[in-house]
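K.L.:
What follows is a single structure, and I will ask about it in a moment.
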Amino acid sequence: GGENKKNIDEDLVLVLKGADNMIPDSNNYRILKDFNQGECQLYVKKELAIAKKELGRKDVYLKGSNKQYLSCYWDQQIYGNQPGASLWETFSLIRYANGECALKSHDGYYLCADWESTINLFGNRAGRGAWETFTYQDLGNGYCAFRAANGNYLSLDPVSAKVYANAPVIGEREKFLIEEKQ
């Protein structure tokens, strides 16, 4: 029951007969199962059909352009305002093929630059999907940049110290220094 609405970030979409306007984009989804000769169809995101092979994982600290460490707060938002690194500033950097990566907070949740959250960066997702996957760009000398699914780079706001996925190009605020946790 409930209202029909289409969320373009769903991994699975169930479409009932007569709801043709709810059929997902065939470029991003494929039919997983057809029930009762077309009475109902289950679609799956194509990227889920191909498992991403993990190339490596390491615990790191990330330092922003303000020389402060990124931290996952109690509210699960990511801030760059800590002068030292400890448990709450620890992230697992998980590398995949094609320059993709994911980041997990100290408590095991994936970082997400969700479009619905005004592009704030949160550490609150139990699973990894498109919004929890980033493109990793090595900038040399230990610095890197992360591009979110919306096409923008993670950026440290100098006033609030929050991290957003809202920068179209890499500048100083989009550069993060990676320090391996010892």
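The values are calculated or read from the model by the stated rules, or taken from the named source; none is laboratory data. Please read these numbers as outputs of a predicted model, since none were measured by experiment. Cβ placement follows ideal geometry from the backbone for every residue including glycine, while neighbour counts extend to all protein chains displayed. Side chains included, ligands, DNA and RNA excluded: accessible areas come from the protein's heavy atoms. Shrake-Rupley method; radii C 1.70, N 1.55, O 1.52, S 1.80 Å.
K.L.:
Give me the residue from region 122-143 that is under 14 Å from L111 (Cβ atoms) and hydrophobic (A, V, I, L, M, F, W, C) and, out of that set, least open to solvent (accessible area, probe 1.4 Å). I'd like the intermediate steps shown before the answer.
P.N.:
The first filter runs over region 122-143 and keeps only residues under 14 Å from L111 (Cβ atoms), leaving 122-136.
The next check asks that each one be hydrophobic (A, V, I, L, M, F, W, C); those that pass are 122, 126, 130-131, 134.
Values: F122: 41, A126: 86, A130: 27, W131: 35, F134: 2 Å².
Looking at the filtered set, the residue picked out is F134.
K.L.:
Assuming Y61 fulfils every condition listed in (1) open to solvent by 30 Å² or more (accessible area, probe 1.4 Å); (2) more than 24 Å from V44 (Cβ to Cβ); (3) assigned to a strand (DSSP E or B); (4) out of contact with any helix residue (DSSP H, G or I) (no Cβ under 7 Å at 6 or more places or on another chain) apart from one, which condition is it?
P.N.:
Going through the list (1) open to solvent by 30 Å² or more (accessible area, probe 1.4 Å); (2) more than 24 Å from V44 (Cβ to Cβ); (3) assigned to a strand (DSSP E or B); (4) out of contact with any helix residue (DSSP H, G or I) (no Cβ under 7 Å at 6 or more places or on another chain), Y61 breaks only (4).
K.L.:
While we're looking at this one, here's another question. Return the residue satisfying two criteria in turn: it lies in region 144-180 and is out of contact with any helix residue (DSSP H, G or I) (no Cβ under 9 Å at 6 or more places or on another chain) and within 16 Å of S92 (Cα to Cα), and of such residues it is surrounded by the most Cβ atoms within 10 Å (Cβ to Cβ).
P.N.:
F176
K.L.:
Next up: Given the conditions (1) in a strand (DSSP E or B); (2) within 17 Å of S71 (Cα to Cα), and given that D138 satisfies all but one, which numbered condition is not satisfied?
P.N.:
It fails just one condition, (2).
K.L.:
Might you let me know whether region 141-151 holds any residue that is modelled with pLDDT of 95 or more, at positive phi and among the small types (G, A, S)?
P.N.:
There is at least one residue in region 141-151 that is modelled with pLDDT of 95 or more, at positive phi and among the small types (G, A, S).
K.L.:
Could you list, in sequence order, the residues of region 102-154 that are under 17 Å from K52 (Cα atoms) and β-branched (V, I, T)?
P.N.:
T133, T135
K.L.:
Check W131 against each of (1) more than 20 Å from Y61 (Cβ to Cβ); (2) of a type outside the set (D, E); (3) more than 9 Å from the chain's Cα centre (by Cα) and name the one condition it does not meet.
P.N.:
(3)
K.L.:
Could you list, in sequence order, the residues of region 69-102 that are assigned to a loop (DSSP other than H, G, I, E, B) and either open to solvent by less than 20 Å² (accessible area, probe 1.4 Å) or charged (D, E, K, R) (or both)?
P.N.:
Start the filter on region 69-102 by keeping residues that are assigned to a loop (DSSP other than H, G, I, E, B), which leaves 73-76, 83-86, 90.
Hits for region 69-102 are D75, T90.
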